[in-house]
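Data first, discussion second: the structure below is written as structure tokens.
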Amino acid sequence: MWYVYMLFCDEKIFYVGITNEPSKRIKQHKNKESFFTKKFSQIRPVYCEKYPTKYQAAEREKQLKGWSKTKKQMLIDGKLGTNVCTELSKLFGE
């Protein structure tokens, strides 16, 4: 299973990524081992979707990365879809 996830960093920047090992990837974010997110002091998961293949997840990641901050916030707020997986929030301890 592949996950497309969105993190909200320092209450201002959305980070979108994919992984098939959510525990490992979240640990990397928490331990400041991720190149992009290591500079942020606060990182919290805000959205996640599951896909059966890496290709499907990568296509969705690309789509979400092209969205504006406002459109991403609408997705998180449930106006454009449903946040269907809570695994990442649990891994963050939320």
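The values are calculated or read from the model by the stated rules, or taken from the named source; none is laboratory data. Since the model is a prediction, treat every value here as computed from it, not as a measurement. Cβ: placed from backbone, ideal geometry, glycine included. Neighbour counts: every protein chain shown.
Quick notes on this structure:
Residue-by-condition table, conditions (1) out of contact with any helix residue (DSSP H, G or I) (no Cβ under 9 Å at 6 or more places or on another chain); (2) β-branched (Val, Ile, Thr); (3) part of a strand (DSSP E or B):
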| position | (1), (2), (3) |
| --- | --- |
| Tyr5 | no, no, yes |
| Phe8 | no, no, yes |
| Tyr15 | no, no, yes |
| Arg25 | no, no, no |
| Glu33 | no, no, no |
| Lys38 | no, no, no |
| Glu59 | yes, no, no |
| Gln63 | yes, no, no |
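- A single member of Met1, Met6 is hydrophobic (A, V, I, L, M, F, W, C), modelled with pLDDT of 90 or more and over 21 Å from Gln73 (Cα atoms), and it is Met1.
- Taking the criterion of being loosely packed, with under 13 Cβ neighbours inside 10 Å and over 20 Å from Pro52 (Cα atoms), the only residue of the stretch 18-31 that qualifies is Asn31.
- Enumeration of residues in the stretch 49-66 that are among the charged types (D, E, K, R) and either in contact with a Cys (Cβ under 6 Å, 6 or more places away or on another chain) or surrounded by fewer than 18 Cβ atoms within 10 Å (Cβ to Cβ) (or both): Lys50, Lys54, Glu59, Arg60, Lys62, Lys65
- Restricting attention to the stretch 32-43, the residues that are surrounded by fewer than 18 Cβ atoms within 10 Å (Cβ to Cβ) and either over 24 Å from Lys71 (Cβ atoms) or of a type outside the set (S, T, N, Q) (or both) total 7.
- Residue check for Met74: at pLDDT below 95, more than 11 Å from the chain's Cα centre (by Cα) and either β-branched (Val, Ile, Thr) or surrounded by 13 or more Cβ atoms within 10 Å (Cβ to Cβ) (or both): yes
- Condition met for Val46 (assigned to a strand (DSSP E or B), modelled with pLDDT of 95 or more and buried (at least 18 other Cβ atoms within 10 Å of the Cβ)): no
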